[in-house]
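Student: Okay, handing you the structure first.
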Amino acid sequence: MGHFRLLVVGNGISAYGSYLNMVALNVFVYHVTGSALTAGLFMAVRLVTNVLSGFVAGRLVSTRDRKRLMVGADLTQALALLALLLAPDGARVGLLFGLAVITGFCSTLSQVALRSSVPEIVGAEHRARANGLLVTGRSLAMIAGFASSGLVVAQLGYSAAFALDAATFVISATVLFLLPVRTRAAAEDGAAEAGAGQEESGAASGFARMLLRTAPLLAVMIAVRAVDGLGSSSHNVALPIYSDSLDPGHPATFISQFWATWAIGNIVAQQLFGRVTKKTGRTPGERAFALGACVMSAAFIVVFAGLPTVPAIIAALVAGMADGFTEIVYISRLQAAPDAQRGRLFGLSASAENTGFGLGMIVSAALLETFSPLQVVAAFHGLAIALCVALLAVLLRRGGRLTGREDGPATGRDGRGGQGGQGGQGGRGAPAGAPADVTADVSTDATADVSTDASKGASTAEGRSS
């Protein structure tokens, strides 16, 4: 875990630059163009790129060297920011939209590659702890990035903000390049390149259909995350409106309190999660994920219920804790899949989450013209609760387990984390056109327990931000 902790530091530095960049770039676009429409289009281009790049990133991560992909993604973003710094004023508008595409794609690619690699870097039995460290680092980076962005831009200017952002990407790439870590299962190193052509020919839609057919429970978990994206967008859009209604003279007060408390809860949950899993050797599974998502959505609704400040802040703390808990459980669950399939899974997941968030931003903004923040947030998060309740009902009916062994689905015969999950070879029940190594070693009743043990069949040989 020593090397991985250094990786977490580098990734946290990069994440700080990303959050700083998120604020500085959006303000800079409006400053340069003077057009709210152009600023909106810039954000839309970046969001659409995030959605579409998930599928492409999944293919690349499945067939290419993941460490090189992550290093290349960081350096590409650094070079794009330097190009913006050196460009004449007249060329900056066009470069801004190019930068939106580059940062959107590279950030998704880096996330998918890192999440896919965690079990190979630290070992499958330590993946839950490792995910907690990553999310903790990102949460701290989010606080620092958002808190310092206004000060950096106001005191040093946009050029300094972009230069600082570029430097964070260079530091991250350097740390990752120097670390002697393996990001792919050893048996997959040669096979990945050899099967690149076949992997590229498999359509993303074919993989999604395969997943729905062979592992419907895992597909439902990805759907829950997409609906969670809808809920997340609703409270992000509604928060400034609600905060202004609480204190028109100081509209930023409640927002600051909310996000600071949410981040604290997020970090606390991740630390507790790591301690418990280290002590018990067990990782919460699908049922715990559904329960955590229900608590998270309910807490977000309570935040907007018009309660006094202290109860509302407590609700934000609970929301942050449940958010951190469910994210680790979810990521760890996807990492239980064979190494050959994790890239596609995390690519599909990234596209689903970004689609839900983007769609929610548009719809919730329109609904807030007519309805109150509480009504909009309750509707979006209520949808997530309903889906989670349905998932819980299926798990209870089928006898879904509360926890999964760390040495079970994620650790197979060779101890490298590539033998469990849904993993089988040959694609039993896979549709035509799906990859040959599709997830097929599931029980006949797949909804009963997607986390089947490695002994159930032949097996083939993927590691936030909020």
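The values are calculated or read from the model by the stated rules, or taken from the named source; none is laboratory data. It should be emphasised that the depicted structure is a prediction, and the values quoted were computed from it without experimental measurement. Every residue, glycine among them, receives a Cβ derived from its backbone with ideal geometry; neighbour counts consider all protein chains shown. The protein model used for the area step is the full one, side chains on, heavy atoms only, and it has no ligands, DNA or RNA in it. Shrake-Rupley method; radii C 1.70, N 1.55, O 1.52, S 1.80 Å.
Student: Please compute the modelled spin-label separation between H250 and R209, points set 7 Å along Cα→Cβ, answer in nm with one decimal.
Tutor: With each label point 7 Å from Cα toward Cβ, the separation is 5.8 nm.
Student: Multiply the residue gap between A154 and A87 by 0.36 nm, knock off their C-alpha separation, and tell me the result in nm, one decimal place.
Tutor: Result: 22.0 nm gained on full extension.
Student: Let me ask another. Rounded to the nearest percent, how much of the accessible area of region 245-341 (1.4 Å probe, protein heavy atoms only) is carbon and sulfur?
Tutor: 71 percent
Student: Starting with the highest mean, order 300-311, 82-93 by the number of other Cβ atoms within 10 Å, averaged over the residues of each peptide.
Tutor: Result, highest mean first: 300-311, 82-93.
Student: Using alpha carbons only, how many angstrom separate the centre of region 47-83 from the centre of region 346-387?
Tutor: Cα centroid to Cα centroid, the span is 26 Å.
Student: Follow-up question, since we're still on this one. Using θ = phi - 60° and the Karplus curve 6.51 cos²θ - 1.76 cosθ + 1.60, what whole-Hz ³J(HN,Hα) does each residue of region 355-363 get, with Gly and Pro shown as x?
Tutor: 5, x, 5, x, 4, x, 4, 6, 5
Student: Testing the spin-label approximation: label points 7 Å from Cα along Cα→Cβ at A366 and L272. State their distance in nm.
Tutor: Between A366 and L272, the label points sit 3.9 nm apart.
Student: Shifting gears a bit: Compute the distance from the alpha-carbon center of region 87-148 to that of region 307-325, in whole Å.
Tutor: 26 Å
Student: So if each residue of separation counts as 0.36 nm, and I subtract the Cα-Cα distance between V9 and A260, what length gain in nm does that give?
Tutor: Fully extending the segment from V9 to A260 adds 88.3 nm.
Student: For the ranges 51-58, 236-243, 325-332, what's the packing order if you count other beta-carbon atoms within 10 Å of each residue, average per peptide, and put the highest first?
Tutor: Packing order, densest peptide first, comes out as 325-332, 51-58, 236-243.
Student: Moving on. Under a plain spin-label model, where a point goes 7 Å from the Cα along Cα-to-Cβ, how far apart in nm are L79 and L396?
Tutor: About 5.5 nm separates the two model spin labels.
Student: For region 44-57, take each phi angle, set θ = phi - 60°, evaluate the Karplus expression 6.51 cos²θ - 1.76 cosθ + 1.60, and give the result in whole Hz per residue in order, putting x for glycine and proline.
Tutor: Residue by residue, region 44-57 yields 5, 4, 5, 5, 4, 4, 4, 5, 5, 6, x, 5, 5, 4 Hz.
Student: So, one more: Could you give me the radius of gyration and the Dmax of region 44-133, taking only the C-alpha atoms into account and expressing both in angstrom?
Tutor: Here Rg and the maximum Cα pair distance are 15.4, 53 Å.
Student: Provide the gained length on full extension for the span M43 to A144, in nm with one decimal, where the gain is 0.36 nm per separating residue minus the Cα-Cα distance.
Tutor: Here the segment from M43 to A144 would lengthen by 34.2 nm.
Student: Could you check how much of the accessible area of region 3-83 is carbon and sulfur, as a whole percent, using a 1.4 Å probe? Before the final figure, lay out each step's value.
Tutor: On the way: 2410 of 3390 Å².
Taking all protein chains in place, region 3-83 shows 71 percent carbon and sulfur surface.
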